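These notes concern the structure reproduced below.
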Amino acid sequence: MVRIDRVITRGGDAGETSLGDGERVSKDSVRVEAFGSVDEANACIGVLRLHLGCDGEADAMLARIQNDLFDVGADLCVPGDAAGRLRLGAGTVERLEREVEAMNVALPALRSFVLPAGTPGATHAHVARTIVRRAERRVVALAREQPINPLVLRYFNRLSDHLFVLARRLNLPAGGDVLWVPEGNR
């Protein structure tokens, strides 16, 4: 279990931090940038949860996702194949896929691109989706330089799909998607 006795350690005052295996790296290293972006995505999902109203099902899904993102951060902060370290599993990715499929059943087929707008919950889901995509790009950059758990990349791809479909679901009671209207049709 995690135990945090001190918040102020002064260990990062010179621009370095420790990875999960104890290695010291620059705070702007590609690995730190990757798991820092995961943390940012997690915080944004926390804000999204504030805008769900009484949607307990969506809140429960997002609570699981926030815990998943801590698992992802733990996975990314330990390079290599350290035995006994937390690694994201295939079941987590499969759960996201099932949730996307279940939400999508009740939605009409798309006939246009969707604007990131609508209800407060839907709009925050779109913001979270774009931050998740940025985190995914950071993880891709890390994967080019160092080996990572390939399930992390799959997870981010599914998570952005999840947030897109959730935004559509959250807009449904308010009349549905806010659709793109191309120039010449506006």
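The values are calculated or read from the model by the stated rules, or taken from the named source; none is laboratory data. Keep in mind the model is a prediction, meaning the values are calculated, not measured. All Cβ positions, glycine included, derive from the backbone under ideal geometry; neighbour counts span all protein chains shown.
Mind listing whichever residues of region 138-183 are among the small types (Gly, Ala, Ser) and out of contact with any Pro (no Cβ under 9 Å at 6 or more places or on another chain)? Don't jump to the end; show me each part of the working.
Initial filter on region 138-183 (among the small types (Gly, Ala, Ser)): 141, 143, 160, 167, 174-176.
ALA141, SER160, ALA174, GLY175, listed by residue number.
Of everything in region 71-108, what is modelled with pLDDT under 90, over 16 Å from the mean Cα position of the chain (by Cα) and among the aliphatic types (A, V, I, L, M)? Give them in sequence order.
Within region 71-108, VAL78, ALA82, ALA83, LEU86 qualify.
Looking only at region 1-59, filter to residues that are β-branched (Val, Ile, Thr) and assigned to a strand (DSSP E or B); which one of those is modelled with the highest pLDDT?
The extreme case among them is VAL25.
Restricted to region 60-84, and to residues that are charged (D, E, K, R) and surrounded by 15 or more Cβ atoms within 10 Å (Cβ to Cβ), which residue is nearest to ALA41 (Cα to Cα)?
Only one residue tops the list, namely ASP68.
Any idea which of PRO116, PRO182, PRO147, PRO108 is under 19 Å from VAL47 (Cβ atoms) and assigned to a loop (DSSP other than H, G, I, E, B)?
Exactly one of PRO116, PRO182, PRO147, PRO108 is under 19 Å from VAL47 (Cβ atoms) and assigned to a loop (DSSP other than H, G, I, E, B), namely PRO116.
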